[in-house]
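Laboratory data are not the source of any read-out in this text; all were calculated from the coordinates shown. No experiment lies behind these values; they were computed from the predicted model shown. Backbone-built Cβ (ideal geometry, glycine too); neighbour counts: all protein chains shown.
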Amino acid sequence: MVKTAYYDTTFLLRVLCDEHGAEKVRAHASQMHYLICSMHGRTECVAAIHRKWREGVLTREQADKILDQLDKDTKSGFIKWLPLTEKHLACVEAAFRKAPKDLFLRASDALHLASAAEHGFKEIFSNDRHLLAAASLFGLNGRNLLA
């Protein structure tokens, strides 16, 4: 049986970077045949790595090494990027129509949730409290390995 998990960007970054909780996320990821994320998550990862370099958390060399690892993991198939379609956008729109007024849901989180749901996942892994709070709106179980 092939084991996969849908990771949002916060968890993919913990696979790639030494952040708080990285050891727990990497231990979980090591049990998977591959990881799944929405295509826009790749852009989010690259942007987050750039932000870490801009803020001085990473040197240029460290950032390049992490970006090289992201490319390697993508080319090897360890990280698979799901395309976004009109169906995903319709799922996002439907979720916002039924979302309660007090739910804080960012567009990028909604795209992750719609992508996971539309591709048949039952759970999504993240430590983003807003994404996790909205997971059930998409029929998903939000899992935070760091809680």
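Measuring against 31 Å, Cα to Cα, the residue pairs 3/101; 52/80; 52/98 contain 3/101; 52/98 as the ones spanning a longer distance. Here the chain is treated with +1 on each Lys and Arg Cβ and -1 on each Asp and Glu Cβ, and its dipole about the Cα centre works out to around 180 debye. Helix 60-76 axis versus longest C-alpha principal axis of the chain: approximately 60°, rounded to the nearest ten. The GluC sites (Glu not before Pro) of segment 32-101 that DSSP puts in a loop, and whose beta carbon has at most 11 other beta carbons within 10 Å, are 55.
With each run of n ≥ 4 DSSP H residues scored as -39500 (n - 2.57), what mean residue ellipticity at 222 nm is computed for the chain after dividing by its residue count and rounding to the nearest 500 deg cm²/dmol?
Numbers: 7 runs with 80 residues, N = 147.
It comes out at -16500 deg cm²/dmol, rounded to the nearest 500.
Suppose we flag trypsin sites (Lys or Arg not before Pro) only when DSSP calls them loop and at most 14 other Cβ atoms lie within 10 Å. Which is the longest uninterrupted stretch of the chain? Answer from the scan: 4-100.
The P(r) of the chain has a tail past 20 Å containing 47 percent of all C-alpha pairs.
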